[in-house]
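Structure first, commentary second.
The values are calculated or read from the model by the stated rules, or taken from the named source; none is laboratory data. Quantities reported herein were computed from a predicted structural model and do not represent experimental measurements. Reconstructed Cβ throughout: ideal geometry from the backbone, glycine too, with neighbour counts over all protein chains shown.
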Amino acid sequence: MKWSRPSSRQSGWMILFGTAGALLAWAFAVRRRPAAAPASAVTDISPRASSSPSVSSPLPAAGGSDPSRGLMRMAVGGAVAVVLAVAIVIATRPSSPGGPAGASAGASAGAGAAGSSPGPMSLADCQAAIAAQLNLPDRLTCGYETTGAWLPDNDPAADPSDPRYAGAALPTNLSTGGRACLTGSKRPVLDTIRPALSASFTAGPGLQRIESTFQVTGVDGPTGHDILIGGDNMPQGLTATLDFKMQGPLTHGESYRWRVRGTPPSVGAKGWSSWCEFTIGETTLDDLGLNPTRKYAITLPTAKWREALAILGPVETYTDGAKSKHAPIEVAATSSATTAPVTLSGYDWNSIVESLAYWASTEHKAAYWAVADLISAALDGPEHPTMGFPRA
């Protein structure tokens, strides 16, 4: 085990306690030592003295208490009091800024960790400190208040001329599903329930990457999809994205607004962009528009069910006894009738058409797209769904 040299404060404590211990031990020894018999002892002169040897009395002569011992006790008590007073002063004195404790405090303040610090970092310094971290620690707050950091706020967009944002990377070139950032009656209507939001940032001195936070809420008030979330991980570059393919679908016909800033959610720094708005279309090509929990039954030729089964692959049985979502299609495909019905939940139908679209796009097979189109039309969905995959 590596030995480390004790600090100056530790050494001072050791010396003080050692001195105090030595003084107390010496005082105890002096008190316990038997007193020597005085020279002028009183001799017994009774008649029995001649029949027994004379014995010196162990008691001192009257009025013979030693005054030097009392003075010694007073000196020892005073010394102990002085030692204790000095110890208290050292214990309550703040650490030197240059010592280990001061260095630790300086490091904490520089990293924005919780603890005493002169105040929050500037946004530019905070972004630089975050960019220097390969794995962002949860405790890195740049000195900003963390209470409510994950809650939506209503702070205005950052003004580039504000001294608080001098040298900071601020969001610009905002894009909603490839469309410009617009609001009000000009907001775009998107043909997807899973849009991708993106922004780039102005260059900061030596800044190579940026951590981001996106806020999404409804134009007319809170929605069931309100989020305040870190952007998708971008190891390099001054860009930020939030792809709803990873977050779950939004709602048809709903209008949303969003904005972004150049710090992670755990850092309460501002620097927000302006708001962008968009509306999800009443129908979109990447969704069948079904109620996820409702059951839907459709009837198709048995031959078409066999084509669907060939694309989806064999039905699997899992360890808990459950089977693949398309197990009812396998039953219909083996029917001896010319047509067969299949009943599934809206959620399962959406998953099956999404799988068909994935293989059609990946394999570039028009026949696969035809099966996806057939099932979608039978469910009153889009005539030519994409389910979010390129249809070439």
- Complete set of residues in the stretch 302-331 that are on the phi < 0 side of the Ramachandran plot, under 40 Å from the mean Cα position of the chain (by Cα), among the small types (Gly, Ala, Ser) and exposed (fewer than 15 other Cβ atoms within 10 Å of the Cβ): Ala322
- Message: Condition first: acidic (Asp, Glu) and either surrounded by fewer than 14 Cβ atoms within 10 Å (Cβ to Cβ) or part of a strand (DSSP E or B) (or both). Now tell me which residues in the stretch 232-277 satisfy that.
- Response: Asp243, Glu277
- For the stretch 180-210, which residues satisfy the criterion of being touching a residue at least 12 places away in the same chain (Cβ under 8 Å), part of a strand (DSSP E or B) and farther than 19 Å from Thr386 by Cα? Leu182, Leu197, Ser198, Ala199, Ser200, Phe201, Arg209
- Item | In the stretch 141-158, residue nearest to Gln127 (Cα to Cα) [restricted to those that are modelled with pLDDT under 65 and touching a Pro at 6+ places or on another chain (Cβ under 7 Å)] | Ala149
- Message: Six or more apart or on different chains, Cβ atoms under 6 Å: show the pairs whose first residue is in the stretch 236-248 and within 24 Å of Ile280 (Cα to Cα) and assigned by TED's automatic domain parsing to the domain that holds Thr213 and whose second is of a type in the set (Val, Ile, Thr) and part of a strand (DSSP E or B).
- Response: Ala240/Val260
- Across the stretch 235-263, the tally of residues that are modelled with pLDDT under 90 and under 21 Å from Thr141 (Cβ atoms) stands at 0
- Task: State yes or no: is Ile227 within 29 Å of Ala131 (Cα to Cα) and touching a residue at least 24 places away in the same chain (Cβ under 8 Å)?
- Result: no
- Note on the structure: Checking Thr386, Thr334, Thr338, Thr343 in turn, the sole residue that is polar (S, T, N, Q) and either surrounded by 16 or more Cβ atoms within 10 Å (Cβ to Cβ) or closer than 25 Å to Lys245 by Cα (or both) turns out to be Thr386
